[in-house]
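Asks: What follows is a single structure, and I will ask about it in a moment.
The values are calculated or read from the model by the stated rules, or taken from the named source; none is laboratory data. Since the model is a prediction, treat every value here as computed from it, not as a measurement. Don't worry about glycine lacking a Cβ; one is built from the backbone with ideal geometry, like all the others, and counts go over all protein chains shown.
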Amino acid sequence: MAQDQVNTDLKQFMDKNKKLTEDLDKQTRNYKALQHKFKHFCQVDKERFEEVWNMHEEELKQTLDKVFMAEKSIYNQQLGIDWKAPEDVL
């Protein structure tokens, strides 16, 4: 009888150990999949940020060109002063 109880307990522990091991493997796979997705979205976000940044930088350069043209005209025509472009704008 004692041996039967030991065998029953051993089987229960082995079954529980197997289930817990399977659960751990599943959670590990899920975690690795989540890490992969995270890396992917970080890369996509970085590329999108750089794309938007470059677009805004180009718009800024165009606006600065217009401002400098207006400033040059004001200096030359209204003030009669030679205009020099700033050296280190961007």
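Asks: Can you tell me which residue among Lys19, Lys46 is more than 35 Å from the chain's Cα centre (by Cα) and either assigned to a helix (DSSP H, G or I) or surrounded by 10 or more Cβ atoms within 10 Å (Cβ to Cβ) (or both)?
Replies: Lys19
Residue-wise test of (1) among the basic types (Lys, Arg); (2) modelled with pLDDT under 95; (3) touching a Cys at 6+ places or on another chain (Cβ under 6 Å).
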site: Met1; (1), (2), (3): no, yes, no
site: Thr8; (1), (2), (3): no, yes, no
site: Asn17; (1), (2), (3): no, no, no
site: Asp25; (1), (2), (3): no, no, no
site: Lys32; (1), (2), (3): yes, no, no
site: His40; (1), (2), (3): no, no, no
site: Arg48; (1), (2), (3): yes, no, no
site: Met55; (1), (2), (3): no, no, no
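Matching residues to (1) more than 30 Å from Val89 (Cβ to Cβ); (2) among the hydrophobic types (A, V, I, L, M, F, W, C); (3) free of Cβ contacts under 8 Å to residues at least 12 places away in the same chain:
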| position | (1), (2), (3) |
| --- | --- |
| Lys18 | yes, no, yes |
| Asp25 | yes, no, yes |
| Thr28 | yes, no, yes |
| Asp45 | no, no, yes |
| Met55 | no, yes, yes |
| Glu59 | no, no, yes |
